[in-house]
1. To check you understand DSSP bridge types, tell me what percent of the beta bridges within the chain (both residues inside) are antiparallel, rounded to 5.
2. Quick one: divide the alpha-carbon radius of gyration of the stretch 1-157 by 2.2 N^0.38 Å and tell me what you get.
3. Which of rounded, prolate or oblate describes the stretch 34-101 when judged by the alpha-carbon gyration tensor and an a/c cut-off of 1.5?
4. So what are the radius of gyration and Dmax for the Cα set of the stretch 71-148, in Å?
5. Over the chain, calculate the relative contact order: mean separation of alpha carbon pairs under 8 Å at least 6 apart, over the residue count, as a percent.
6. Report the Cα centroid-to-centroid distance between the stretch 235-314 and the stretch 71-92 in angstrom, as an integer.
7. Please compute the Kirkwood hydrodynamic radius of the stretch 185-225 from all pairs of different C-alpha atoms, in Å with one decimal.
8. Convex hull volume of the Cα atoms in the stretch 96-227, per residue, in Å³?
Amino acid sequence: MSRPKVLLLGEVKHAHETWAAIAQQADVIVPQSTDRAGFLAECRSGALDGYICHNGAGYDSIDIAACTARGIGVSHTPHAVDDATADLAIWLMLGSLRNLAVGLGSLRAGRWRGVDNEGKGNLPDKGHDPRGKTLGILGMGGIGRNMARKAALAFGMKIIYHNRTRLAHEDEREAGQANYVGFEELLRESDVLSLNLPLNPSTKHIISTLQLSQTKPGVVLVNTARGAVIDEAALASFLARGHVAAVGLDVYENEPEIHPDLIANPRALLVPHMGTWTVETERAMEEATMANVRSALAGTGLTSGVPEQRGLTL
Ligand SMILES: O=CC(=O)O
């Protein structure tokens, strides 16, 4: 029997031993093409068949329906990213509540807290403490729950959430005594609104003009999920008008482009998609990806297949 083939896209940065074990079992193919057409031709030559093991929690870059139709199983790395992404969401939340983007930017421009040596300029608005505020979480998967727990335990926040399905009582308790609410109530009641849901056709622009107009004046918005769950132009306009007091963003609709009004707005705390950018988390993600590769090679399917394919034999 011929050896299975494993196509490697990108490079292994941490999990070298696991990768070496895979290379003993399978022929590793590293694509040589430098453009899309060439790459597709290489895939057609037989390398891509069977499984796609994606190194990432979000898999909006993969057409799952097309894969399912062709019998291709797809995996992702859901749990490995939870801590690091939730940590960044907390950081963005605290930084936005405290108007830190203003201070960070002005300090480097030689203006202490926004004011230069001659006293010109404006002090940033005073920030707000998280304690006692309501954190609304849209999307209560692993990252949402992790953030909820930290926000409740460490910062004394009250947690409400909306999700496609309500969590079990025990899971709500562990997620900082989170209270399930309807979508509109979430918009109305949140002092901080954090987006922690996957991007797919039904969540694209789930936050747009209508939804933003239902939020509390002075709301703080945090997004570590995917840029396109928010209508970025609508967000920039609500921020410019001050209805949204501040935003903390790690993700954007057209990365690496960012809406110019967000770049220009000192109340936008902006990070270039670094939610999982830690040594430990990158390693855990690679290991999770390779666990899927090894399980597929062993003929036992995927260890963390995407939810859309749950129950299918692929
Ligand atoms: O954005 C990061 C991921 O989807 O894992």
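1. Here the share of antiparallel DSSP bridges comes out near 10 percent.
2. Relative to the 2.2 N^0.38 Å estimate, the stretch 1-157 comes out at 1.58.
3. Verdict is prolate for the stretch 34-101.
4. Final numbers for Rg and Dmax: 18.6, 68 Å.
5. In percent, rounded to a whole number, it is 20.
6. 7 Å
7. Kirkwood hydrodynamic radius for the stretch 185-225: 10.8 Å.
8. Looking at the stretch 96-227, the number lands at 123 Å³ per residue.
The values are calculated or read from the model by the stated rules, or taken from the named source; none is laboratory data. This one's a predicted model, so the numbers in the text were calculated from it and none came from an experiment. Don't worry about glycine lacking a Cβ; one is built from the backbone with ideal geometry, like all the others, and counts go over all protein chains shown. Protein only, heavy atoms only, side chains kept; ligands, DNA and RNA dropped before computing areas. Shrake-Rupley method; radii C 1.70, N 1.55, O 1.52, S 1.80 Å.
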